[in-house]
Amino acid sequence: MSQPPARNDGTLDRREVAAVLMRDPGDLLVVTGLGAATYDVGMLGDREQNFYLWGAMGGAAMLGLGLALAQPKRRVLVITGDGEMLMGMGSLASIAAAGAPNLAIAVLDNARFGETGSQHSHTGLTTDLESVAAACGWTATATARDMAAVEALRPRLRAEPLFAVIRINADEKPRFIPPRDGAYVTERFRRGLGIVEN
Amino acid sequence: MQHPTWQARVFDALQAAHVTIVGYVPDAGHAHLIQAAHADPDMTAVVLTTEEEGIALAAGAWLGGQRAVLLMQSSGVGNCINMLSLPVTCRMPFLTLVTMRGEWGEFNPWQVPMGTATPRVLAQAGVHVRRADRPDDVAEMVAASAALAFDSHIPVAVLFSQRLIGAKVFVK
């Protein structure tokens, strides 16, 4: 059963957007929020510098902050959805207050809870996440509505503490299943960074 | 500001355990630790809007090769439950120090339900729970709990009893 149009439905294809954000990723450290963001990034090529969340809804941005503080010389990009970001909206205040110049967040905003029947989320009703981030103290924020704007965001997301909303359409894509064994992904990620416990 | 000696020793134990990131939702019982963490150039103290943020923060720190602790009071434990799936599922360490409310000499009835439920809620969510009642035990318990958490990759909570930290005094 499909929902009526949302207040600010986007037009962009989420997989095309993800492909731009992840093009030539180099050593970029990437955290994905649960649901479609995890599938979008995973299907572009599994890599040890990707950390996929399959749960812990609302935690992607703060996980990105912890990683950015622990690895100040590396760039960290959180790619998540509007529902996941809304659940962790307070973390936009915590991150701005902490200050992490090497952390950026890209929200793939389809104004819906896509995994659960495409119910309208708050971004499709009354809430503008870019304004929320700015009000929390993020000094660099953006909203992209076309692919040219996404292309322009790509280098900024790898250079600035930027909070970006990208308006995607609500089309559901075939699922892609990246590794969901959290212990395996954790150990692989740490080994990739050269972290060895003894 | 004069602080009880045991709180200074808890901070020493965190330093000795190589904890470098301190997430917190303030509590009067943690005031010394929060102040000390902010004052230490080798530590990063992060104020949180809600306690579960600190679990995700600690997970990210671990992914990046550093160690974090979450400071909160017992009322915040209830905010953490689903986020605890992160360290449990990913076999990550997690260390939290919880100041207890709702027990010894509590004035505020709103603190009692979560204070009463805290040890069982944590245990049900997969967290090992230790409880410190005496000033002489606290630092050693934090040191041992940090070792258990970070060396054995286990979530551990140390509860600081309300008798230990002193019941909050309300003055009309």
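We did not get these values from a lab; they are worked out from the coordinates using the rules stated. For clarity, every value in this text was computed on a predicted model and none was experimentally measured. Don't worry about glycine lacking a Cβ; one is built from the backbone with ideal geometry, like all the others, and counts go over all protein chains shown.
From least to most packed, judged by other beta carbons within 10 angstrom and beginning with the fewest, A:SER131, B:SER85, B:SER74, A:SER94 follow the order A:SER131, B:SER85, A:SER94, B:SER74.
Would you compute, from DSSP H runs of 4+ residues alone, the mean residue ellipticity of chain A at 222 nm, taking -39500 (n - 2.57) per run and dividing by the full residue count, rounded to the nearest 500?
Numbers: 8 runs with 71 residues, N = 198.
Computed mean residue ellipticity for chain A: -10000 deg cm²/dmol.
Given R0 = 25 Å, the distance between the Cβ atoms of A:VAL20 and A:GLU172 translates into a calculated FRET efficiency of 0.80. When you restrict to C-alpha pairs under 8 Å that are six or more residues apart and normalise by the size of chain A, the relative contact order lands at 28 percent.
Provide a whole-number value for the mean count of partner chain Cβ atoms within 10 Å of the Cβ atoms in peptide B:42-50. Intermediate values should be presented prior to the final figure.
Values: counts 0, 0, 8, 1, 10, 4, 7, 10, 7.
Averaged over the peptide's residues, the number is 5.
Across the residues of A:78-91, average count of Cβ atoms on other protein chains within 10 Å? Each step should come with its number before you reach the end.
On the way: counts 1, 0, 0, 0, 0, 0, 0, 0, 0, 2, 6, 2, 5, 7.
So the per-residue partner count for this stretch is 2.
Working from the Cα coordinates of the stretch A:1-79, the gyration tensor eigenvalues give, after taking √(5λ), semi-axes of 25, 16, 12 Å in decreasing order.
Mean Kyte-Doolittle of at least 0.5 and a Cα length of 20 Å or more along the axis: which whole DSSP H helices of chain B meet both?
Working: long enough: B:135-152 (26 Å, 0.58).
Helix filter hits for chain B: B:135-152.
In terms of surrounding Cβ atoms within a 10 Å radius of their Cβ, A:LYS173, A:LYS73 rank from fewest to most as A:LYS73, A:LYS173. Ratio of Rg to Rh for the protein assembly as shown: 0.99 [Cα atoms; Kirkwood radius as inverse mean 1/r over pairs]. Each of B:VAL25, B:VAL129 has some number of other Cβ atoms within 10 Å of its Cβ, and from fewest to most they run B:VAL129, B:VAL25. Per-residue ellipticity at 222 nm from helix content only, as computed over chain B with -39500 (n - 2.57) for each DSSP H run of at least four residues, stands at -13000 deg cm²/dmol. For the segment B:75-85, counting C-beta atoms of other chains within 10 Å of every residue's C-beta and taking the mean gives 2. Once a ≥ b ≥ c are taken as the square roots of the eigenvalues of the Cα gyration tensor of the stretch B:58-158, is the result rounded (a/c under 1.5), prolate (a/b larger than b/c) or oblate (a/b not larger than b/c)? Note, shape of the stretch B:58-158 comes out oblate. Mean separation of Cα pairs under 8 Å and 6 or more residues apart, divided by the residue count, gives the stretch B:1-95 a relative contact order of 30 percent.
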